[in-house]
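Have a look at the structure below, then the notes.
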Amino acid sequence: MSRVYNFSAGPSMLPLPVLEKCAAQMLNYEGSGMSVMEMSHRSPVYDQIIKDAMASLRRIMNIPENYKILFLQGGASQVFASVPLNLMPAGGKADYIVSGQFSGKAYKEGQKYGAVREVASSKSDNFTYVPKVEKDQFDPEASFVHICYNNTIYGTKFDYIPDTGDVPLVADMSSCILSEPIDVSKFGLIYAGAQKNVAPAGLTIVIVREDLLGNARPETPTMLDYAVQAANDSMYNTPPTYPIYVAGLVFKWIEETVGGLEKMKEYNEKKCALLYDYLDGQDFYIAPVKKENRSMMNVTFKTGDADLDAKFVKEAKAAGFVNLKGHRSVGGMRASIYNAMPIEGVEKLVDFMEQFRKENA
Ligand SMILES: *Cc1c(COP(=O)(O)O)cnc(C)c1O
């Protein structure tokens with residue numbers, strides 16, 4: 001079988017040149033006589049791999065010097081717990097904007113650790129938009145404000161960065177990191193599971209402002225203490241060595257082949273516009289998300305008829321467009337078009353959608 005257009009929400013497509021590089025280096029990485037998978041994380045050759053990857057990420061995202069980059073395990077879901085443990089003292093407070101399932105899970109996890117508050121939620125409208133929250137709605141005594149910047153399941157994205165005053169803003173960017181430039185200095189902490197836009201599953205990226213480190217609660221598991229991880233250059237124990245290597249190749253691809261995050265954004269805007277323009281120009285498919293909150297990475301749509309949706313997903317798969325089924329909690333369809341999805345994949349999907357419309361309208 002030839003390669004398909006994979007619209008999976010995650011784990012998802014990786015850039016073809018990166019996969020080819022992995023294949024070429026699989027058995028013998030740069031004359032080391034072994035695969036990266038087989039290397040000691042304490043070896044000089046691996047040390048170069050992780051250091052280069054971190055430096056490259058810092059350049060691409062323009063991460064200021066007073067931020068630490070951590071390469072961890074556990075996924076975004078573990079950060080739901082480690083953020084309150086690191087940033088909020090016992091009996092402390094935190095504010096959450098709930099704009100989807102993952103921010104809801106983060107909020108629920110936060111409840112275990114302090115007096116956390118749901119400042120706003122779009123749940124009653126099936127998360128089809130992102131709530132607008134003004135500065136005076138946040139508690140100035142909160143230890144942090146938590147948001148999910150791109151809501152993978154619903155296909156929505158923040159169209160603004162909340163002004164939280166002096167309260168650190170924490171953002172889950174699992175499904176949008178590296179899709180466009182972002183002003184890191186507006187955030188206290190950014191985190192992302194790598195399996196959407198960066199690498200194979202197993203790596204979690206945390207970017208944290210230095211002054212927020214060192215106040216973890218005493219009962220915080222050592223592995224979840226960001227200060228410990230930072231002091232050990234993310235090598236307190238064995239890091240996810242292979243995903244970090246692939247992440248490094250993806251960073252290099254963005255830097256050298258794509259030409260940086262401005263260029264990445266242009267490409268992503270072009271790709272999602274193909275889909276949204278098509279959806280706006282017909283009335284067979286419904287695009288449920290409020291226009292100003294449309295995600296560049298996850299495009300949701302449906303026909304309004306569950307059987308017809310199922311038929312669409314089935315026929316799309318047969319035509320080489322896989323993983324278009326919407327999340328089980330939403331139904332319909334979702335095309336995840338992360339950085340690695342080539343524009344041809346989206347063009348062909350739109351052609352397929354139009355053909356399906358003609359046959360089924
Ligand atoms: C996928 C995803 C998660 C969950 O990530 P894990 O690494 O599986 O824990 C959390 N938040 C967002 C926004 C996601 O897209």
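The values are calculated or read from the model by the stated rules, or taken from the named source; none is laboratory data. Model, not experiment: these values are computed from the prediction. Here the Cβ positions follow ideal geometry from the backbone for every residue, glycine too, while neighbour counts run over all protein chains shown. All accessible areas refer to the heavy atoms of the entire protein, side chains included, with ligands and DNA or RNA removed. Shrake-Rupley method; radii C 1.70, N 1.55, O 1.52, S 1.80 Å.
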Residue match in segment 337-359 (condition: in contact with a Cys (Cβ under 8 Å, 6 or more places away or on another chain), open to solvent by less than 20 Å² (accessible area, probe 1.4 Å) and part of a loop (DSSP other than H, G, I, E, B)): yes
Candidate set from segment 144-158 (those that are closer than 18 Å to PHE7 by Cα and assigned to a loop (DSSP other than H, G, I, E, B)); member that is nearest to the ligand (Cβ to nearest atom): THR152
Residue in segment 61-71 that is nearest to the ligand (Cβ to nearest atom), counting only those that are in contact (Cβ under 8 Å) with a residue 40 or more places away in the chain and open to solvent by 20 Å² or more (accessible area, probe 1.4 Å): LYS68
Count of residues meeting criterion [surrounded by 15 or more Cβ atoms within 10 Å (Cβ to Cβ), outside any strand (DSSP E or B) and out of contact with any helix residue (DSSP H, G or I) (no Cβ under 6 Å at 6 or more places or on another chain)] in segment 320-330: 5
Verdict on GLU266 being part of a helix (DSSP H, G or I) and open to solvent by 70 Å² or more (accessible area, probe 1.4 Å): yes
Residue match in segment 2-10 (condition: touching a residue at least 24 places away in the same chain (Cβ under 8 Å) and closer than 16 Å to TYR242 by Cβ): no
Residue count for segment 79-101, restricted to those that are within 16 Å of the ligand (Cβ to nearest atom) and out of contact with any helix residue (DSSP H, G or I) (no Cβ under 7 Å at 6 or more places or on another chain): 5
Flag for LEU249 being open to solvent by less than 60 Å² (accessible area, probe 1.4 Å), away from the ligand (no atom under 15 Å from the Cβ) and either polar (S, T, N, Q) or within 30 Å of LYS21 (Cβ to Cβ) (or both): yes
Residue within segment 120-143 that is outside the structural domain of LYS271 (by TED's automatic domain parsing), in a strand (DSSP E or B) and surrounded by fewer than 24 Cβ atoms within 10 Å (Cβ to Cβ) present: yes
Unmet requirement for PRO11, which otherwise passes all of (1) within 16 Å of the ligand (Cβ to nearest atom); (2) in contact with a strand residue (DSSP E or B) (Cβ under 9 Å, 6 or more places away or on another chain): (2)
Single residue of segment 193-230 satisfying the filter (among the β-branched types (Val, Ile, Thr) and within 14 Å of the ligand (Cβ to nearest atom)) that is nearest to LEU87 (Cα to Cα): VAL206
